[in-house]
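Have a look at the structure below before the remarks.
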Amino acid sequence: MASKTPDRQAGKHTLKDREEVAERLLEASLRHSIDPDRELDWDSPFEDGKWFWPPELISLYGTPLWQNMSEERRHRLARVEGAALASIGIWFEIVVMQLLLRHIYDKPVTSKHVRYALTEIADECRHSMMFARFLTKSGTPVYPVSPVTQNLTRIFKSTSNTACSLVFTLLCEEVIDWMQRVTFPDERVQPLVRGVTRVHVIEEARHVRYAREELRRQMDAAGRLELRVTRAVTGELARVFVRSFVNPEVYPDCGVNRRAALRQIRESEHRREVLRKGARRLTDFLEEVGAFDRRGRRLWREAGLL
Ligand SMILES: [Fe+2]
Ligand SMILES: [Fe+2]
């Protein structure tokens, strides 16, 4: 199903043909697909004194609790917070895979658009297995999302319209992608963490492209009711995302009071800046395609993403 008018001018951006975009992404996938099981060094032990996540990206960084922590406890928190991000990463990807499958359910099976969606699902399968292998090796707990988020998302991933599915996908992919782009070149970080984030950054760039081009087409073709629903859901997604992004169980697991941690994070200007920077390219894009209404913008601001 092509959008109503695939080549017409929409604002500043020309809507690109679905098949043309998919063809380029398929070519890029052929050139740069990575098998993490073969290409990463899983056997070397972790290096003493190296970080599991850059300290500036740790949720508590710069807060009074952080200032009073020994270097050893900061490293422990980084390791556990890295594990929480890997855990949520797997959860995000499982949801995104189902959303992609729903998206292609009624599309022509031999189209490049469908072939690329299947390619992306194969990428996400490798990523989730890579994150799980990393969690096993790092010997940390695994952090599932809360039962409320788990069950609300169960409904969302089975009923959302395509535009809402794509906003969810981009929110999951772009903020983590920004953090990973900061992480993989950082020499203070464990080599395996750098390898995992590098693999992910290379392949996610294509996923972001696919989701953005499709969201543009969906918004262009949407009727008034669909636009209203999409904008309302876009606002709500910020809340869900920020609440589940770092599992609050990481704090007691590192001997930090959970309530105090959450309060200091809410008050942390540094943390707001990190989230805002991580989401900036996405918020600009969502603004451009008209995915925000006034309430949505307010919810994103309250969540610290705008
Ligand atoms: Fe992924
Ligand atoms: Fe992805």
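Readers should treat all values here as calculations from the given coordinates under stated rules, not as data from a laboratory. Small disclaimer: the values here were computed from a predicted structure and weren't measured. Using ideal geometry, Cβ is built from the backbone for each residue, glycine included, and neighbour counts are taken over all protein chains shown.
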Toward the positive end of the charge dipole of the chain, about the Cα centre and with charges on Cβ (Lys, Arg +1; Asp, Glu -1), which of Ala163, Gly296, Leu286 goes farthest? Gly296
Within straight cross-link reach of Lys50, meaning Cα distance under 19 Å, which aspartates and glutamates are found once same-chain residues fewer than 8 apart are removed? Asp41, Glu71, Glu72, Glu81, Asp186, Glu187
Of the trypsin sites (Lys or Arg not before Pro) in segment 160-235, those whose Cβ has at most 12 other Cβ within 10 Å and which sit in DSSP loop: Arg188
Can you give the FRET efficiency for Asp106 and Glu27, using 1/(1 + (r/R0)^6), R0 = 22 Å, r = Cβ-Cβ distance, to the nearest 0.05? 0.30
Distance in nm between pseudo-label sites at Gln98 and Met129 (7 Å out along the Cβ direction from Cα): 2.2 nm
At 20 °C and a viscosity of 1.002 mPa s, what translational diffusion coefficient does Stokes-Einstein give for the chain, taking Rh as the Kirkwood radius over Cα pairs? Give it in µm²/s as a whole number. 106 µm²/s
Cα-based reach from Lys16 at 18 Å (exclusive), listing aspartates and glutamates while leaving out same-chain residues under 8 positions away: Asp7, Glu27, Glu213, Glu214, Asp220, Glu288
In percent, what relative contact order does segment 180-306 have, based on Cα pairs under 8 Å that are 6 or more apart in sequence? 30 percent
